[in-house]
Structure formats: structure tokens, C-alpha cells
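See structure below.
Computed from the coordinates by the stated procedures, all read-outs in this text should not be read as laboratory data. Keep in mind that what you see is a predicted model, and the values were worked out from it rather than measured. Here Cβ is always computed from backbone atoms with ideal geometry, including for glycine, and neighbour counts include all displayed protein chains.
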């Protein structure tokens, strides 16, 4: 039963019971749903668990060492779906000389608009320190749009986009 049918059924029940008062909490046809609320398709536990995986993945994926340029991928592998790992392995990331070494320090997570019933999406902002090849340091902030799917009993990252514009 979809939401429209549920509302019609509720109205029919209220009319049959003689109730002409509207439920102040019920949504009207003109009200829009929150496009950032993923609770329609996922439980609180699923959202919490997927968010934890997204954060751990983002920190592992963010950290970079130009002396060992594949370490970020190997560190992030436990959080990744096999297909994403294979895709990333074929197109290894290369950082600039100013970002030869990246270290994650803090993270923040925001929800993103998501209507999927199978994929949870999170925007993970990773702040940290970049160290250049000549030893200069600077602060960094990178945004990871992380898509996760429940695979074989655990949340796995199936796609990641870094610093994409809105």
C-alpha cells in the first residue's frame, strides 16, 4: 500500500467514525518529504552502521603516502565492494607534490539527497594535514560522496566520488 492509499484509507476511517478533525501530524498533499531523510528505506541501525563504515573508509582512503602510493587502497579495501576495489586498482590515484603525504584528522558527515532503496549515501568531510615533498604542511578538507550497499552481511562501499561539485 503506497502513501496515497494509506491517506485515503485513513480519511475513510475518520469519516466513518464521524471524525472531522484533521490529524495535526499527518502530512498534507502539498507538504514535501525531506529529500535528505533516508529513514524511508533504511532503519536507524542500518543508517548508523553504514555511516560508521563510510567514515572509516573515507579516513583510510584519504590517507596517502607517496613513498607507498598503493597503501591507501589496501587500507580501504576491507570497506570496499570487490568491484570498486578492482576499478580503483586499475586507476590508482596520484597526488600533487603539495599533497605527497595526506593524514586524516577529523571527519564530519552530512546526509545527501537519496531516493534509492538499495544504496545508502553519505557525504564525509575529511579534514587533515597535507605535507609536500619539501616538508611544508597545510590544512586540507576533502569531501567524499560515499555510496554503500549491504553485501554478504556487511556494509560495503560500492562507489566513491571525491570533491565533486554540487
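Dividing the convex hull volume of the alpha carbon atoms of the stretch 36-85 by its residue count gives 88 Å³ per residue. When 41, 62 are arranged by Cβ crowding within 10 Å, least crowded first, meaning fewest neighbours, the order is 41, 62.
List the relative contact order of the stretch 39-162 as a percent without decimals, with contacts defined as Cα pairs under 8 Å and 6+ residues apart. Don't skip to the answer; put the middle values down first.
Working: 225 pairs, mean separation 31.4, N = 124.
That works out to 25 percent.
Between residue 150 and residue 95, residue separation times 0.36 nm minus the direct Cα-Cα distance comes to 16.7 nm. Beta bridges per DSSP, both residues in the stretch 39-162: antiparallel share near 95 percent. Percent of alpha carbon pairs in the stretch 77-145 separated by more than 16 Å? For the stretch 77-145, the fraction of Cα-Cα distances above 16 Å is 64 percent.
In what sequence do 159, 108 fall when counting other Cβ within 10 Å, fewest first? Please report the intermediate quantities before stating the final value.
Values: 159 16, 108 12.
Ranking 159, 108 by Cβ neighbours within 10 Å, fewest first, gives 108, 159.
For the stretch 44-166, report the translational diffusion coefficient in µm²/s to the nearest whole number, using Stokes-Einstein at 20 °C, 1.002 mPa s, and a Kirkwood Rh over Cα pairs. Mind showing how you got there, number by number?
On the way: Rh = 14.8 Å.
The estimated diffusion coefficient comes to 145 µm²/s.
With neighbours defined as other Cβ atoms within 10 Å of a residue's Cβ, the residues 50, 66 order from fewest to most as 66, 50.
Work out, step by step, the length gained on full extension between residue 68 and residue 161: first 0.36 nm times the residue separation, then minus their alpha carbon distance; give nm to one decimal.
On the way: separation 93, 0.36 × 93 = 33.48 nm, distance 2.22 nm.
Result for the pair: 31.3 nm of gain on full extension.
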